[in-house]
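The values are calculated or read from the model by the stated rules, or taken from the named source; none is laboratory data. Model, not experiment: these values are computed from the prediction. Every residue, glycine among them, receives a Cβ derived from its backbone with ideal geometry; neighbour counts consider all protein chains shown. Heads up: the accessible areas ignore ligands, DNA and RNA and are worked out on the full protein's heavy atoms, side chains in. Shrake-Rupley method; radii C 1.70, N 1.55, O 1.52, S 1.80 Å.
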Amino acid sequence: MTAQGSHTASSTDVPRRNWAGNVRYAAKAFHRPTSVDDLRRLVAGSPRIRAVGSGHSFNRLGDTDGDLVSLAGLPPVVEVDHERGQATVSGALRYGDVARQLHTQGYALANLASLPHISVAGAVATATHGSGQTHGNLASAVAGLELVTADGDLLRVDRDSNPDTFAGMVVGLGALGLVTRVTLDIVPTFTLRQYVRLDLDRAALDEALGSAYSVSVFTDFRTPRLREVWRKQAADQAPPSADWLGTTAAAQPRHPVLGMPTENCTPQLGEPGPWHERLPHFKFGFTPSSGEELQSEYHVARSAAADALAALDDVADLIAPVLLVSELRTVAADELWLSPNYRRDSFVLHFTWVDDTAAVLPVVAEVEERLTPFAPRPHWGKVFVTDPAELSTRYPRYADFTTLLTDLDPKNKFQTETLNHYFPR
């Protein structure tokens, strides 16, 4: 059954699969409304509905057996509030689009994810992040939300009016309503340089991760040493010395996945550029990563970084054959209920796997087993097999979020099979 009376743009513009193509959406109908009023009518008349953004998820958290709606047809908005130091943007806009408009007005976001192709609302809902020991995830920059709730009402909430409940709504997994606008904290625009260093000793990992504005370390688990360090540093910071932490400088641009075209990546070799053209690994107009892949990611306490990495040594021979690349990053703590960084500065282990679910899932289970002593919190939009009962112990506000679900969506309109698995009601 689908909602009636909604005026939509061509539904052929709504994604039928996720970004990597490994999840085919099961929705009975696809919609792309062109106004918030149309969206409200659609939501009010639908028994089951979800929003889809850029489709950069690798599990079925956002899938539905009812109506799937893209908000990309709504009028695009980027409104800067100079006095508050905030910008209100359409939730369906991609970070790359928002970043360009902010930069032209002299502003920036404090951080970006590794690719700018993801939608703002979708990235916020799953606590997607960049890297940097003093930077929170993308959701931590959210100061306000506008969303269409289950009965079709338009709800506006902000950080100041009810901070505790707001902290439960920001990383909402798409389960509390369809987010139409997001208000973000902004900062003055800035310039960065990107340097890639090769062959880092593990003993220097912590120092490397704290050495620049944003740092990512790449490894393949084939040797104990870490293959690459990508430093995104302030333009006026001195470049790394010739023998920095025992590494060597990359003489040519690099791609995180060996063999992939380096022209897809943002400029390296110390060439200065604006924040939004250096913080992501990939250029906005190019295909990011490898495209055909699966992804998993786990957040542990930053103090446990060395031990957590060492715990995977026993299964390195299982990881390496199905791994394209692993990325190690840091994220600062926040107060958002379902954020993997809730009240915990985090060390993040990201895995980009080959596109073979049958081969990857047993390895994912082994990785999770080895990381269990460190209470890992998986990224909500990626592949994981953690038992719901176990996962609930890792989030002090887990039960509170279930109550919030019941309050805002009493008829389970935004519920999905995967969501119900982790938050049964």
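Filtering the range 387-414 to residues that are assigned to a loop (DSSP other than H, G, I, E, B) and either of a type in the set (A, V, I, L, M, F, W, C) or open to solvent by less than 10 Å² (accessible area, probe 1.4 Å) (or both) leaves Tyr395, Asp409, Phe414.
When you check Asp307 against the structure, is it assigned to a helix (DSSP H, G or I) and more than 30 Å from Gly21 (Cβ to Cβ), yes or no? Judged against the criteria, Asp307 is a match.
Taking the condition of a type in the set (Asp, Glu), open to solvent by 10 Å² or more (accessible area, probe 1.4 Å) and within 26 Å of Gly122 (Cα to Cα), does Glu335 pass?
Spelling it out, Glu335 is indeed of a type in the set (Asp, Glu), open to solvent by 10 Å² or more (accessible area, probe 1.4 Å) and within 26 Å of Gly122 (Cα to Cα).
Among the residues of this structure, Leu205 does not count as one that is open to solvent by less than 40 Å² (accessible area, probe 1.4 Å), farther than 20 Å from Gly96 by Cα and out of contact with any strand residue (DSSP E or B) (no Cβ under 9 Å at 6 or more places or on another chain).
With respect to the conditions (1) at pLDDT 95 or above; (2) over 20 Å from the mean Cα position of the chain (by Cα); (3) more than 30 Å from Val322 (Cβ to Cβ); (4) not charged (D, E, K, R), Asn162 lacks only one, and its number is (1). Among the candidates Ala72, Ala121, Ala113, the residue that is closer than 23 Å to Gly21 by Cα and open to solvent by 30 Å² or more (accessible area, probe 1.4 Å) is uniquely Ala72. Those residues that are of a type in the set (Gly, Ala, Ser), open to solvent by 40 Å² or more (accessible area, probe 1.4 Å) and either under 30 Å from Ser296 (Cα atoms) or modelled with pLDDT of 80 or more (or both), I need them from the range 1-34; list them, please. Once the filter is applied, which keeps residues that are of a type in the set (Gly, Ala, Ser), open to solvent by 40 Å² or more (accessible area, probe 1.4 Å) and either under 30 Å from Ser296 (Cα atoms) or modelled with pLDDT of 80 or more (or both), the range 1-34 yields only Ala26.
Note on the range 185-216: among residues that are assigned to a loop (DSSP other than H, G, I, E, B) and of a type in the set (Gly, Ala, Ser), the one that is nearest to His82 (Cα to Cα) is Ala212.
Against the numbered list (1) farther than 17 Å from Asn22 by Cβ; (2) assigned to a helix (DSSP H, G or I); (3) of a type in the set (Val, Ile, Thr); (4) open to solvent by less than 10 Å² (accessible area, probe 1.4 Å), Val325 comes up short only at (2). Candidates are the residues of the range 244-276 that are farther than 29 Å from Arg100 by Cα and free of Cβ contacts under 8 Å to residues at least 12 places away in the same chain; the one that is surrounded by the most Cβ atoms within 10 Å (Cβ to Cβ) is Ala251. Taken over the range 79-136, the criterion of being in a helix (DSSP H, G or I), within 18 Å of Thr189 (Cα to Cα) and either in contact with a Cys (Cβ under 7 Å, 6 or more places away or on another chain) or of a type in the set (A, V, I, L, M) (or both) is satisfied by Val98, Ala99, Leu102. Exactly one residue among Arg100, Arg84, Arg60 is modelled with pLDDT under 95 and open to solvent by 40 Å² or more (accessible area, probe 1.4 Å), and that residue is Arg60.
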